[in-house]
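Taken together, the values in this text are just the output of simple stated rules run on the coordinates, not laboratory data. On a predicted model such as this, the values are computed, not experimentally measured, just so you know. Counting neighbours? That spans all protein chains shown, and the Cβs are built from the backbone with ideal geometry, glycine included.
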Protein chains: 12
Amino acid sequence: MSEHVYKQIKLTGSSKSGVEDAVQNAIAKASETVKNMRWFQIIDTRGHIDNGRIAHWQVTIEVGFTLEE
Amino acid sequence: MSEHVYKQIKLTGSSKSGVEDAVQNAIAKASETVKNMRWFQIIDTRGHIDNGRIAHWQVTIEVGFTLEE
Amino acid sequence: MSEHVYKQIKLTGSSKSGVEDAVQNAIAKASETVKNMRWFQIIDTRGHIDNGRIAHWQVTIEVGFTLEE
Amino acid sequence: MSEHVYKQIKLTGSSKSGVEDAVQNAIAKASETVKNMRWFQIIDTRGHIDNGRIAHWQVTIEVGFTLEE
Amino acid sequence: MSEHVYKQIKLTGSSKSGVEDAVQNAIAKASETVKNMRWFQIIDTRGHIDNGRIAHWQVTIEVGFTLEE
Amino acid sequence: MSEHVYKQIKLTGSSKSGVEDAVQNAIAKASETVKNMRWFQIIDTRGHIDNGRIAHWQVTIEVGFTLEE
Amino acid sequence: MSEHVYKQIKLTGSSKSGVEDAVQNAIAKASETVKNMRWFQIIDTRGHIDNGRIAHWQVTIEVGFTLEE
Amino acid sequence: MSEHVYKQIKLTGSSKSGVEDAVQNAIAKASETVKNMRWFQIIDTRGHIDNGRIAHWQVTIEVGFTLEE
Amino acid sequence: MSEHVYKQIKLTGSSKSGVEDAVQNAIAKASETVKNMRWFQIIDTRGHIDNGRIAHWQVTIEVGFTLEE
Amino acid sequence: MSEHVYKQIKLTGSSKSGVEDAVQNAIAKASETVKNMRWFQIIDTRGHIDNGRIAHWQVTIEVGFTLEE
Amino acid sequence: MSEHVYKQIKLTGSSKSGVEDAVQNAIAKASETVKNMRWFQIIDTRGHIDNGRIAHWQVTIEVGFTLEE
Amino acid sequence: MSEHVYKQIKLTGSSKSGVEDAVQNAIAKASETVKNMRWFQIIDTRGHIDNGRIAHWQVTIEVGFTLEE
């Protein structure tokens, strides 16, 4: 596995329920066009507030994928 | 919305259940005195340990709110 | 409590379910050999992706414990 | 001047024209309620895009002011 | 708007006149191929010097855009 | 203590004698209006120079205090 | 050259021999599809260990290239 | 050009009008004694406030110049 | 000395009197079990506040020591 | 592999020949007492100078290893 | 004072007694050749250990001084 | 050695062969005018690309030297 070359892209996913779901939403959307995604790293966790309640979470991740042979 | 001026404050909320709940607790407490909160960003996630178990989470956030017209 | 000396170690825990569980797994494993753990701080949150789904989370923490008298 | 105690607050100002104007807008708004502001530091410069053009700038600053004697 | 997934790309634009113009040049060039750009953040501001005068500015930004449905 | 919500403010204190005294001066001044201060963290340590001697120290701290029940 | 707009991408290359070779491998792979690459910057240098020996190096770089006219 | 050795110095320039002018003032002053300056990078942007208005800008830059052959 | 391998550990020491004493306390405690400590670096300086006075200082350091031959 | 818990330690290795050799020296020394080392990351690269020549390199790494079952 | 151009240099001073004295030693030595020093900022605080005691402190500062008219 | 005062300067060296050679080139050039250089630290590693190959490396270092007695 060590001789692969990876590319990393930066995505922001949203969710009303929490951090894990926002990350999964970003990865699911990206997987429609990007193949061979292998790992992610959380870069930033934010959210919007409406009337003193968290309205939705926004989590920014970097995703690494193998450049195809 | 773009011509508003926002102020940001730094809060730490606690929870026995996890990250999302600790953030919500901080926002709920602040909303008693601060109006027009719009967004938050997680700055630091810590917690206390008791007998090898997480006793509670402490999450520090920045919260932005509109300065009233 | 203020006159104690603390040591901090860096651990990475894994979980299929999410951030909180990965942290708890790291602390539980460390508690087999380390006594008097008092707090943790999340340093990095990553994960592996398999077929467009999060396969598992990997959370790196620093854990502080009291050096025994 | 050296024996003063200063407090620093974090503000975000907006402008359609550019960085300097967004900073000035934040300071002007804050000066309605905060006295004795002495300096600022730019922390973050962002903006919104509409149809391939910059719609407005959003500049976050820290502002230091003297705590009144 | 909160349920969108965003991708962020990193661009460097140049200008002889200043920071705002360099950002606008990068966005204008990118808008030829990227749709739905929503925001930018300045990451780095540099420039070249010729004979003791600023020859041109080079501003690096991150630009976020909505992944199309 | 774990279920409290804390707010953090940023202060700069000065002293002719050194770091510890500058921090104490900032906390003493803030305690005139802020109750329930619990901890501080040093963010930045600066000073002014006069004729090749340190004229005074300026230490910037963040102070956390409990939001009153 | 100063009026160009550049895009930057993030890549990770691997090598059994060392840092320079891992960077070259990433650039060589990317050059199959990306034209006009001009510069790189090392962001992170890691590696895998097998039986107390470095098995391979993994170097993450940012690569800047000119957006074609 | 690639075989040159560069030295970098750190300067702070001031201006009543804005960021670009403060950078130009620092470079113009340094060019009286430093030859072969090639590039700069903005490190910090601050300013002083007088009566709720920006009195002047202070921009800190690093400047790179070729060590003479 | 140059061919040694060093290990670094992270410690937090406390003191009622100040920064230097908190560092010395951490080193003295560690020296009961760690031999060949050579240098330290301050990572973080915090403290607790009681009734508007600094109750004690907490200084986190990294300490490097030679791995024994 | 994903359910392991890892510990990370910080080491500094030295070498007269260069970066790769200094990393290998640190790992080789640590492997005398630490089992199951899996990866490393370079944290800092320094060196000593003697008479205008590099006398030796000092590279600080973090090394991750599996906590034994 | 606002229209001056400042240059900043980086110095490391040592002392057996503590942080403040190490900074003063660096400034005193630099004042033999540099005029018009105005401010300093602490960048790094380190020290050497001998037999479980702090042997001396090493404090790195940046010092700003006015470029002479 | 502990009572010396050190000054640190920032240099960028270039090489077609790699990181170590670029550092050595910067130090060799500086040694023509700077005496008593003692250590260096790598700050940034970049390079230029020509036709999908690394054309040369550019390594930026900080170099510390003793201020002469």
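Legend: translational diffusion of chain J by Stokes-Einstein, Rh = Kirkwood radius over C-alpha pairs, 10 °C, 1.306 mPa s; D = 124 µm²/s. Seen from residue H:55, the other residues with C-beta closer than 15 Å to its C-beta sum to a net charge of 0, counting Lys and Arg as +1 and Asp and Glu as -1. So how tilted is helix F:19-30 from the main axis of chain F? Cα-based, degrees 0 to 90, rounded to 10. Here the helix axis deviates by roughly 50 degrees.
The chain E residue nearest the rotation axis shared with chain D, using its Cβ and rounding the distance to whole Å, is E:19, 4.
A P(r) calculated from all alpha carbon pairs of the protein assembly as shown, with 20 Å bins opening at zero, reads 14, 49, 36, 1 percent.
As a length-normalised measure over Cα pairs under 8 Å and 6 or more apart, the relative contact order of chain B settles at 44 percent. Shielding of peptide H:53-65 by partners, expressed as the average count of other chain Cβ atoms within 10 Å per residue Cβ, is 4.
Within the shell defined by Cβ-Cβ distances under 11 Å, the residues around residue E:9 carry a net charge of +4, with Lys and Arg each +1 and Asp and Glu each -1.
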